[in-house]
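The values are calculated or read from the model by the stated rules, or taken from the named source; none is laboratory data. None of the values given here were measured: they were computed from a predicted structure. In this analysis, Cβ positions are derived from the backbone assuming ideal geometry, glycine residues included, and neighbour counts consider all displayed protein chains. The protein model used for the area step is the full one, side chains on, heavy atoms only, and it has no ligands, DNA or RNA in it. Shrake-Rupley method; radii C 1.70, N 1.55, O 1.52, S 1.80 Å.
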Amino acid sequence: MSTDGRQIVIPSQELGDTKTHKSGRGTFVERGKIYSERIGFLNIQGDMIHVVPITGRYDPTPGDFVIGIVEEASTSNWMVDINAPYPALLHVNEVPWEIDFGDTEKYLNKGDTILAKVLQVDESKKLQITLNDRNLFKIKGGHIIDVEASKVPRIIGKKGSMIALIKKYTRCRIFVGQNGRIWIDGDPEGIENALQAINKIQTEALSFGLTNRIEELLKKDAKDVR
Amino acid sequence: MKSDIELINSEGKRLDGRGPEDLRKIKIEAGVLHRADGSCSIEWGGNKILVAVYGPREAVPRHCQNPLRAIVQARYNMAAFSVEDRKRPGPDRRSVEISKVISEALEKVILTEQFPRATVDVNIEVLDAEAGTRCAGLTAAGVALVDAGIPLRDIPVACAAGKIGGRVVLDLGKEEDNFGDADLPIAISPRTGEVLLLQMDGHLTLDEFNQAYDLAVKGCQQVSEMQKKAITHKYQAIVAEVE
């Protein structure tokens, strides 16, 4: 089942023994044995065994940058959809503006899009997000597209190489949320090219040498490069 | 029910030419629906079933949420055109029962404690029915759950055994189900051998029951291999397409 060194594992597949290894993300332990709990790539780092998911919902972790859509404005907080299994809470103390009691709708209303950071996730999976960080803002203009959350690391690339490539050739402002939402702003042609590149990354996410193929694709369409 | 048909002849050949321990032809395909989080289509003899999985997502209405774990809501539905005489659409006594037993079987393999207050919705749509739809539906649901990336302890699998013409056989067909002596559908967790679902229709002696149970478990193991092949095939195909 290996694909050039990257091994695909399926749920309930035995991955190792607790005597020699530790159970990491995407695995569980039963009777001293480590098993995969989902379909993904096997990733062994030292004595930790992880399974990197191929599909599945976005699993929020504190510190993630996400793109959210406001679902509801209450008197002292907003409920925001961040593509996770649960809606996220944004409290008035977590925004950079001074807001009088009950004035939440003046600043953010249903349907508004924000770039936010996951603040905390408690044991009952109640989510809190914040706008109090640098580079976080309410998004105006541009396009939002949805991709699979498990493909986000491929779209960003190693140390942001892939996304830098797309930005360079399409001259767009792009922000990739960890939750699988991407915001693109620029001239229509650039957006079109960026979308094409992102779609290609999505369908070919499991293959090797992707960065080079994307560069070729973008080069063909780009007229002038900064 | 008595009839003149000889369901199994003296050489152990059945109506459709199978031996007593043969399965019907099974074809499983993962990821057939684009809008669902995970999906699977299965063709098991004359059965044709489509399964879509959604979630985990917040359970609504709020009072049905469990603050400690996710709930599993399976819905088994037979299409009006799935049987010879038109079936009156909508949930009936039979499909409500099957939905319940399948939900409970899936609950045991999904790592529900990772998603408090959430629900995993499994829609099992029977397009064509020919005996053993609950087994085929549960088998397909297992593949669809993997496709949806939902954390699982094991991939559930189901298969039936039964008794026709006084002999214990595997995987009953339509006539065998209608005119046979007993039907025993079971679902297991193939890694541990734990039973997730066990129902019985008709009469079996204790010996026959044990024999049928062992046979059905053997059938489950065979189907489990096909499930795993279908899952890896899908993800292998994506890799191969590019290279």
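For the peptides B:225-236, A:209-220, B:99-110, the ranking by packing is B:99-110, B:225-236, A:209-220, with the highest mean count of neighbouring Cβ atoms within 10 Å listed first.
For the range A:2-53, the relative contact order works out to 39 percent when only alpha carbon pairs closer than 8 Å and six or more residues apart are counted. With a simple spin-label model that places each label point 7 Å from the Cα along the Cα-to-Cβ direction, the separation between B:Asn178 and A:Asp133 comes to 6.4 nm. The residues B:His34, A:His50, sorted by heavy-atom accessible surface at 1.4 Å with ligands and nucleic acids left out, run B:His34, A:His50 from largest to smallest. Across the range A:143-225, Cα pairs under 8 Å and at least six residues apart give a relative contact order of 33 percent.
Residue by residue, the range B:38-50 carries 3J(HN,Hα) couplings of x, 8, 7, 10, 10, 10, 10, x, x, 7, 9, 9, 10 Hz when phi is fed to the Karplus relation 6.51 cos²θ - 1.76 cosθ + 1.60 (θ = phi - 60°); x denotes Gly or Pro. Toward the positive end of the charge dipole of the protein assembly as shown, with +1 on the Cβ of Lys and Arg and -1 on the Cβ of Asp and Glu, the farthest Cα among B:Leu127, A:Val152, B:Thr112 is that of A:Val152. Atom-type composition of the exposed protein surface of the protein assembly as shown places 48 percent of the accessible area on carbon and sulfur (1.4 angstrom probe).
Note on A:Lys126 and B:Gln211: with the Förster distance fixed at 51 Å, the Cβ-Cβ geometry gives a FRET efficiency of about 0.45. For the range B:1-135, averaging the sequence separation of C-alpha pairs within contact (under 8 Å, six or more residues apart) and dividing by the residue count gives a relative contact order of 29 percent. Under the shape rule built on the C-alpha gyration tensor, where the axes satisfy a ≥ b ≥ c, the range A:143-225 is oblate, since a/c reaches at least 1.5 while a/b does not exceed b/c. Modelled this way, with points 7 Å down the Cα-to-C-beta line, the labels at B:Lys27 and A:His143 are 3.7 nm from one another. Once backbone amide H atoms are built at 1.01 Å from N, A:Arg25 has A:Val51 as its partners under 5 Å, excluding neighbours fewer than 5 places away on the same chain. If R0 is 45 Å, the Cβ-Cβ spacing of B:Asp201 and A:Asp17 corresponds to a FRET efficiency of close to 0.55.
Across the range B:158-173, rounded Karplus estimates of 3J(HN,Hα) from the backbone phi angles (6.51 cos²θ - 1.76 cosθ + 1.60, θ = phi - 60°) give 9, 7, 10, 10, x, 10, 10, x, x, 10, 7, 10, 9, 6, 5, x Hz, Gly and Pro being marked x.
Put B:Ser95, B:Ser41 in order of accessible area, highest first, and with a 1.4 Å probe you get B:Ser41, B:Ser95.
Using a 1.4 Å probe over protein heavy atoms, the accessible area lost on pairing B with A, summed over both chains, comes to approximately 2600 Å². Think of it as helices only: each DSSP H run of n ≥ 4 in the protein assembly as shown is worth -39500 (n - 2.57), and spread over all residues that comes to -8000 deg cm²/dmol at 222 nm. Using heavy atoms of the protein chains and a probe of 1.4 Å, the accessible area assigned to A:Trp183 is about 10 Å².
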